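Read through the structure below, which is laid out as structure tokens, and then see the notes.
The values are calculated or read from the model by the stated rules, or taken from the named source; none is laboratory data. Remember, predicted model here, so these are calculated numbers, not experimental data. FYI the Cβ positions are ideal-geometry reconstructions off the backbone, even for glycines, and counts take in every protein chain you see. These accessible areas exclude ligands, DNA and RNA; they are computed on the full protein's heavy atoms, side chains included. Shrake-Rupley method; radii C 1.70, N 1.55, O 1.52, S 1.80 Å.
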Amino acid sequence: MGFCGMDPDRILFMDCFAGLSGDMFLSSLIDMTTDGEAYLRKELGKLPLEGYELKISRSSRGGICGLRFEVLQQEGHRHRHLSDIAEIIEQSTLSDKVKSETMSAFAMLAEAEAKVHGEPVDHVHFHEVGAVDSIIDITGAMIMLEHIGWPHVRFSSLNVGSGMVKCEHGMLPVPAPATAELLKGMDVYSSGDPMERVTPTGAVLVKTLAGGTSQMPSGKIQSIGIGLGYRDGELPNLLRATLLSDSRDYGHDQCVVLSANIDDMIPQDLSVSMERLFAAGALDVWFEQIQMKKDRPGIKLCCLGNKPDKDRLAAIILRETTTLGVRSSCVSRTTLARSIDTFMTSLGEVRIKSALSCGKILKQMPEFDDLRRIAEEHGMSLPEVRAVLAGEKFTPPTTVAKEEKKGYSFDLPADLHKHHH
């Protein structure tokens, strides 16, 4: 039996220590189900595509058993435009979500190829990625993700390999140009003997399904699948897919901290710098009092951001402040799941931020902007507003049925106002 109808609070983690390709991704998903091959063949039969045969076999790499997926085709490497692939996908009887996710992936491939070759997207000829095997790999990946219930997909840092790869345009360094374009902003490294370890189809799956890389999340392991590559070497050429149930306890991600020491700025200008960093996507911005050379008091500007935003945030600090340099360091962050809901109270609408752990609310806090607005509207002090809200039972206007079903309680603790003094 497969995983149809599974709980959506699941995470599929792909361990890309030996690389990532479309066929490895697909075979790992087939391997973690008992009926995956039959389901995949049935669904791929809905594509108006001929001239190929699927070969799915069990083998091993580095002594680890897994599944190998191959597409045997007669047409060779036919050149197709994005519109040709769109016609194939749209004429199929696959589900709307499989169609849209597949076309999102090919659109991203087209954009990457267009940038590499300096052409409009609709002029791009797909070469290797326009062949039948690439269409099957990407469409098949979406088919299998639907079969296991569309879990949240995450990827480890990507081992891109090294050396040279033979492309339509000759021998080029690894990663191939379109692959490198797709991997912008992601964590990559090179390990093992020289070979192309991340293919264009592998890179676009990361871009489409996750947008980046992360560490393995916490959760309970439900199933494991092993997809095998076509080569072996110093590293076992395999991809491990792990399906976890989301404990909804703690989240883990990688961030960057930027900092700069400043001793010659007007304080009002510093506040503008903070505003512009937040507007650019900073997760947090703060100032620290420091003592600088010649006994001058100074300010240390600190900014927490997502790794892909590092260069943009650093540019803002350099432009908006008097500093001549910005330091950066990578940090790990552990977070609680959170939600913001709007409640109707005797004083009007209030947004409440809830911190969740294992599906239960650990703490709740009203949004300060709402507290200030209510205080101004009613001529009350902030402590008075908090005291009134602490004594009320909140009823969400639109989500009460859903949240009560989860067992959430929306009563603010009676001592809520104590947390704000």
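Any chance you could run the full-extension gain for residue 289 through residue 330? It's 0.36 nm times the residue separation minus the Cα-Cα distance, nm to one decimal.
Working: separation 41, 0.36 × 41 = 14.76 nm, distance 2.22 nm.
Full extension of this stretch gives 12.5 nm more.
Starting from the Cα-Cα distance between residue 64 and residue 338, subtract it from 0.36 nm times their residue separation and give me the gain in nm to one decimal. Show your work: numbers first, answer last.
Values: separation 274, 0.36 × 274 = 98.64 nm, distance 3.92 nm.
Stretched fully, the residue 64-residue 338 segment lengthens by 94.7 nm.
What does the C-alpha gyration tensor say about the overall shape of segment 175-266? Classify as rounded when a/c is under 1.5, otherwise prolate if a/b is larger than b/c, or oblate. Kindly include the intermediate steps, with their values, before the conclusion.
Details: a/c = 2.44, a/b = 1.37, b/c = 1.79.
Cα axes put segment 175-266 in the oblate bin.
Give, rounded to the nearest 20 debye, the magnitude of the charge dipole that the chain has about its Cα centre when Lys and Arg contribute +1 at Cβ and Asp and Glu contribute -1 at Cβ.
On the way: 46 positive and 58 negative charges, 222 e Å.
Roughly 1060 debye, rounded to the nearest 20.
Please compute the per residue accessible area over segment 35-80 with all protein chains in place, 1.4 Å probe, rounded to a whole number of Å². Let's see the in-between values first.
Numbers: 2600 Å² over 46 residues.
Accessible area per residue: 56 Å².
Scaled to the compact-protein estimate 2.2 N^0.38 Å, what is the alpha-carbon radius of gyration of segment 146-206, rounded to two decimal places? Provide the component values of the computation, followed by the final result.
On the way: Rg = 13.0 Å, N = 61, 2.2 N^0.38 = 10.5 Å.
So the Cα radius of gyration is 1.24 times the expected 2.2 N^0.38 Å.
Given (1) 175; (2) 154; (3) 200 as candidate values of volume of the Cα convex hull per residue in Å³, which corresponds to the one derived from the coordinates?
(3)
In whole Hz and in residue order, list the ³J(HN,Hα) couplings for segment 171-186 that follow from phi through the Karplus curve 6.51 cos²θ - 1.76 cosθ + 1.60, θ = phi - 60°; x for Gly and Pro.
7, 9, x, 7, x, 4, x, 5, 4, 4, 4, 5, 8, 4, x, 9
Rg to Rh for segment 100-241: what is it, with Cα atoms only and Rh by Kirkwood?
Values: Rg = 15.3 Å, Rh = 16.1 Å.
My calculation of the ratio gives 0.95.
For segment 253-356, what is the relative contact order in percent, using Cα pairs closer than 8 Å and at least 6 residues apart in sequence?
On the way: 173 pairs, mean separation 35.1, N = 104.
Across segment 253-356, relative contact order equals 34 percent.
Would you mind checking which residues have amide H under 5 Å from residue 380's amide H? H placed 1.01 Å from N; only 5 or more apart, or other chain.
Under 5 Å from the amide H of residue 380 lies no amide H from a residue far enough along the sequence or on another chain.
In degrees from 0 to 90, rounded to the nearest 10, what is the angle of the helix 22-31 Cα long axis to the longest principal axis of the chain?
90 degrees
What is the percent carbon and sulfur in the accessible area of the chain, measuring with a 1.4 Å probe over the protein chains and ignoring ligands? All intermediate terms of the calculation are to be shown ahead of the outcome.
Working: 10500 of 20490 Å².
Solvent-exposed carbon and sulfur of the chain make up 51 percent of the total.
Please go through the residue pairs 99/353; 115/307; 220/310; 310/353; 55/97 and name each one whose alpha carbons sit more than 30 Å apart in this structure. List each step's numbers first, then the result.
Values: 99/353 36 Å; 115/307 23 Å; 220/310 33 Å; 310/353 27 Å; 55/97 26 Å.
From the list (99/353; 115/307; 220/310; 310/353; 55/97), the Cα-Cα distance tops 30 Å for 99/353; 220/310.
Measure of size requested: the Rg and Dmax of segment 262-374, with Cα atoms as the atom set and Å as the unit; please supply both.
Here Rg and the maximum Cα pair distance are 18.2, 57 Å.
Short version: ³J(HN,Hα) in whole Hz for each residue of segment 287-301, in order, from phi by Karplus 6.51 cos²θ - 1.76 cosθ + 1.60 (θ = phi - 60°), x for Gly and Pro, what are they?
So the Karplus estimates, Gly and Pro as x, are 10, 10, 6, 9, 10, 9, 4, 6, 6, 8, x, x, 10, 9, 7 Hz.
Specify the residue with the greatest mean-square fluctuation among 193, 295, 137, computed from a Gaussian network of the chain linking alpha-carbon atoms under 10 Å apart.
Comparing 193, 295, 137 in the GNM, the peak value goes to 295.
If each of residue 363 and residue 312 carries a label point 7 Å out from its Cα toward its Cβ, how far apart are those two points in nm?
In this crude spin-label approximation the distance works out to 2.9 nm.
Efficiency by 1/(1 + (r/R0)^6): what FRET value for residue 232 and residue 34, r their Cβ-Cβ distance, R0 = 22 Å, to the nearest 0.05?
Values: r = 27 Å, r/R0 = 1.21.
The value I calculate is 0.25.
On the full set of protein chains, 1.4 Å probe, figure out the accessible area of residue 232 and give it in Å² to the nearest 10.
70 Å²
Which of these, 205, 49, 238, has the largest mean-square fluctuation under a Gaussian network model of the chain (Cα springs below 10 Å)?
Answer for the Gaussian network model of the chain: 49.
Kindly sort 186, 365, 344, 274 by accessible area of their heavy atoms, largest first, with the probe set to 1.4 Å.
Values: 186 20, 365 75, 344 105, 274 50 Å².
Largest to smallest exposure gives the sequence 344, 365, 274, 186.
Apply 1/(1 + (r/R0)^6) to the Cβ-Cβ distance of residue 351 and residue 116, taking R0 = 60 Å, and write down the FRET efficiency to the nearest 0.05.
On the way: r = 45 Å, r/R0 = 0.75.
After rounding, the FRET efficiency stands at 0.85.
When the chain is treated as a GNM, springs tying every alpha-carbon pair under 10 Å, which of 40, 239, 172 comes out with the largest mean-square fluctuation?
In this elastic network of the chain, the residue with the biggest mean-square fluctuation among 40, 239, 172 is 172.
Could you go through segment 102-118 in sequence order and give the Karplus-derived ³J(HN,Hα) for each residue, using 6.51 cos²θ - 1.76 cosθ + 1.60 with θ = phi - 60°, rounded to whole Hz, and x for Gly and Pro?
3J(HN,Hα) across segment 102-118, in whole Hz: 5, 5, 4, 5, 5, 5, 5, 4, 4, 4, 5, 5, 4, 5, 5, 9, x.
How far, in nm, would the chain grow between residue 157 and residue 272 when pulled straight, counting 0.36 nm per residue and subtracting the alpha carbon separation?
Working: separation 115, 0.36 × 115 = 41.40 nm, distance 3.54 nm.
Gain in length upon complete extension: 37.9 nm.
Just grab the label-to-label distance for residue 50 and residue 380, each label 7 Å out from Cα along the Cβ direction, in nm (one decimal).
Here the modelled spin labels are 7.4 nm apart.
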